[in-house]
1. Return the total of residues in region 1-13 being surrounded by 10 or more Cβ atoms within 10 Å (Cβ to Cβ) and either touching a Gly at 6+ places or on another chain (Cβ under 8 Å) or charged (D, E, K, R) (or both).
2. What residue, among those in region 14-46 that are hydroxyl-bearing (Ser, Thr, Tyr) and touching a residue at least 12 places away in the same chain (Cβ under 8 Å), is surrounded by the fewest Cβ atoms within 10 Å (Cβ to Cβ)?
3. With the structure loaded, tell me whether Ala7 is of a type in the set (A, V, I, L, M) and either under 16 Å from Leu197 (Cβ atoms) or in contact with a strand residue (DSSP E or B) (Cβ under 6 Å, 6 or more places away or on another chain) (or both) or whether it fails that test.
4. Tell me, which residue of region 88-118 that is assigned to a loop (DSSP other than H, G, I, E, B) and under 11 Å from the mean Cα position of the chain (by Cα) is modelled with the highest pLDDT?
5. Within region 86-99, identify whether any single residue is over 17 Å from Ala213 (Cβ atoms) and surrounded by 19 or more Cβ atoms within 10 Å (Cβ to Cβ), and answer yes or no.
6. Yes or no: Ile71 under 19 Å from Val135 (Cα atoms) and buried (at least 20 other Cβ atoms within 10 Å of the Cβ)?
7. With respect to Ser49, is the statement that it is within 23 Å of the chain's Cα centre (by Cα), surrounded by 17 or more Cβ atoms within 10 Å (Cβ to Cβ), at pLDDT 95 or above and more than 22 Å from Cys271 (Cα to Cα) true?
8. Pick from Val9, Val3, Val75, Val67: which is of a type outside the set (S, T, N, Q), under 27 Å from the mean Cα position of the chain (by Cα) and within 18 Å of Ala186 (Cβ to Cβ)?
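The values are calculated or read from the model by the stated rules, or taken from the named source; none is laboratory data. None of the values given here were measured: they were computed from a predicted structure. Reconstructed Cβ throughout: ideal geometry from the backbone, glycine too, with neighbour counts over all protein chains shown.
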Amino acid sequence: MLVYDDAAVAGRYLQVFEHAWKTKASSSFRQSPLANTRYDFDQDVPSTSITFAPHAEAMARSVLGDVVARIGKEVTDGGMRASILFAVMELDSRALNPVYEVLNKIHTEKSIFSFGISDNPKGISLYKIGSGQSVLVTGKPGRTHLPPPFEQIRYVGLGHQVHHKFVVCGFRGNDPTVFCGSSNLALGGEQANGDNLLAIRDPEVATVFAIEAIGLIDHFNFLNGLDRAPSANDEAARTADKREAAVQSEWFLSSSDAWVGKYFDPDDLHCRDRGLFAL
């Protein structure tokens, strides 16, 4: 939740609400100045830019283009601490969506550290030793078979487990930026829904959202690793040699310093992890 204790921000939202309630027509709002202006606030609040949908198509493309451009800037100018972290409810669509396209591809970019989660990604790449690619996981694993106490986690089924819509660019860089709000970050929504999209440029706000993204991704990354249905062999597996089971699952402490190597291998994602979070 974002709480703005600021008369200028509250006053702008009041204008939007009053216009929507009086006209009750998205077509009327779409043509109004409220839908075709970026409102900037930076005196008594963290630097914030807000747009209010629904927009005409040109404005919708411009608004989403800002998100794509900021992601592109992070890839080209972010340096060793370049990062994109995101949690977006939907990343797959029949219609082309510029933000979805770039977020689906960002995890294959080896020059940047990216963590992402969606209920409907086009592909899933897990955090594997020796991989230089970043991570995109699904928030909707199928049938997980979890050890205690994790077996208490409920399976949501067809509903959304991840309903977030935010992107964090360069939270440890020179231009930490968060895109958030009710916007689905999609062209259809920006033209039809009564949404708002905020761009907040502030290191503390970016860090809070980054922590939320990492927590979500780590949680569902764990579930993805156990995404399978229970089988008749599960009882036997539980009584098998625990040391061998730990080795197979990589759930064990190393008895040497060999584990350190991947954190200094520039072709391994762990090395970028160390550079972003530890240095």
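1. Here the count works out to 2.
2. Among residues in region 14-46 that are hydroxyl-bearing (Ser, Thr, Tyr) and touching a residue at least 12 places away in the same chain (Cβ under 8 Å), the one surrounded by the fewest Cβ atoms within 10 Å (Cβ to Cβ) is Thr37.
3. no
4. Met89
5. Yes, because at least one residue in region 86-99 is over 17 Å from Ala213 (Cβ atoms) and surrounded by 19 or more Cβ atoms within 10 Å (Cβ to Cβ).
6. Yes; evaluated as a whole, the condition is true for this residue.
7. yes
8. Residue meeting the stated conditions: Val67.
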